[in-house]
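This report concerns only the one structure given below.
Please treat every number below as a calculation from the coordinates, not as lab data. Bear in mind that the values here come from a model prediction, so they are computed numbers and not experimental data. Every residue, glycine as well, gets a Cβ built from its backbone with ideal geometry; the counts of neighbours run over all protein chains shown.
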């Protein structure tokens with residue numbers, strides 16, 4: 001709170017007034033902490049003390065949930081947008097990095113590619129569909 005310098009009988013003291021609660025003050029004198037009782041009128045602080053409850057975590061909160069693998073690779077939308085063109089059909093065999101479809105997102109045409117090769121088992125969207133980020137587009141087995 002406040003710092004003072006006192007000289008008592010020729011000895012200099014650095015005094016740091018840390019906290020006052022009711023009529024007891026916590027004082028740091030040259031690195032040693034004392035609790036000092038105040039006699040007389042005590043001015044109360046207008047600043048309220050913040051008291052918080054401890055944070056309680058719900059059961060399972062903060063744990064990573066792993067989804068069971070079905071053996072299928074799912075291609076999802078990288079951004080919200082509209083499907084402009086689909087380059088593959090069900091039954092096609094695709095390779096890693098192949099362009100599967102074109103979608104418009106943020107006024108730009110974006111190529112949607114696969115990160116794994118395999119056979120296209122399902123196409124979940126049609127040309128003209130609006131999709132949100134992480135919506136399922138294509139399944140590859």
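Between 120, 90, 102, the distinction of being surrounded by 11 or more Cβ atoms within 10 Å (Cβ to Cβ), touching a residue at least 24 places away in the same chain (Cβ under 8 Å) and over 16 Å from residue 71 (Cα atoms) belongs to 90 only.
Taken as a whole, the structure places residue 82 among residues that are in contact (Cβ under 8 Å) with a residue 40 or more places away in the chain, under 16 Å from residue 137 (Cβ atoms) and surrounded by 11 or more Cβ atoms within 10 Å (Cβ to Cβ).
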